[in-house]
1. Kindly list the number of the only condition in (1) modelled with pLDDT of 65 or more; (2) surrounded by 10 or more Cβ atoms within 10 Å (Cβ to Cβ); (3) assigned to a helix (DSSP H, G or I) that fails for LEU8.
2. Please tell me if MET102 is modelled with pLDDT of 90 or more and surrounded by 10 or more Cβ atoms within 10 Å (Cβ to Cβ).
3. If you go through the stretch 108-132, how many residues are surrounded by 14 or more Cβ atoms within 10 Å (Cβ to Cβ) and not in a helix (DSSP H, G or I)?
4. Are any of the residues in the stretch 85-105 of a type in the set (Phe, Trp, Tyr), assigned to a helix (DSSP H, G or I) and closer than 20 Å to GLN37 by Cα?
5. Pull up the stretch 51-61, narrow it to residues that are under 10 Å from VAL105 (Cβ atoms) and of a type outside the set (S, T, N, Q), then point me to the one that is surrounded by the most Cβ atoms within 10 Å (Cβ to Cβ).
6. Taking only the stretch 38-49 into account, find how many residues are under 16 Å from GLN101 (Cα atoms) and crowded, with 18+ Cβ neighbours inside 10 Å.
7. Among the listed residues ALA137, ALA96, which satisfies the condition of being out of contact with any helix residue (DSSP H, G or I) (no Cβ under 7 Å at 6 or more places or on another chain) and modelled with pLDDT of 90 or more?
Amino acid sequence: MKRILVALAVLLAAAGTASAQAPAGASPATAPKSPDQQAQRRAQHLAKELGLTADQQARLEPILLAQRQEMMTLRDKAQAGGRQRGMGQELKVIQAKYTEQMKAVLTPEQFAKFDQLKDEQRDKMRERRASGQGRPAGR
């Protein structure tokens, strides 16, 4: 009887440890990506959507990386101190700065398409917020 209880205790401890390793539903595919990976993925997406040349994509990657790093710093600052006044304004300044840098790389037609994609993304986010879904899991 003692052996069964000990074996059961060991089994439960092992199961508890295993389940504490990763959140439910987490997999390597949904694990947070590094800023480098996020910038590369975004550049590839924009290359496909906007028909970028290899040179344009190479020029956009460092811009997207710097933007992602600055956004993550802002997010970390907000999480550490709670929501602070002026964060929305700071976000707008960051977005405007990098939008101008991207405008210098893109053709006028590509930039118009980029603006359209941003507007569509903003509309989708508003719809998710209105329906109470918030951000998708893993993002």
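The values are calculated or read from the model by the stated rules, or taken from the named source; none is laboratory data. Values in this document were obtained by computation on a predicted structure and should not be read as measured data. For neighbour counting, all protein chains shown are included, and Cβ atoms are generated from backbone atoms with ideal geometry for every residue, glycine included.
1. (1)
2. yes
3. The number of residues fulfilling the criteria is 0.
4. yes
5. Ranking the candidates gives LEU60 first.
6. The qualifying residues number 3.
7. ALA96
Here's the yes/no breakdown for (1) at pLDDT 80 or above; (2) touching a helix residue (DSSP H, G or I) at 6+ places or on another chain (Cβ under 9 Å); (3) within 18 Å of LYS113 (Cβ to Cβ); (4) in a helix (DSSP H, G or I):
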| position | (1), (2), (3), (4) |
| --- | --- |
| ILE4 | no, no, no, yes |
| ALA24 | no, no, no, no |
| SER27 | no, no, no, no |
| ALA31 | no, no, no, no |
| GLN38 | yes, yes, no, yes |
| ALA43 | yes, yes, yes, yes |
| LYS48 | yes, no, yes, yes |
| GLU70 | yes, yes, no, yes |
| GLN79 | yes, no, no, yes |
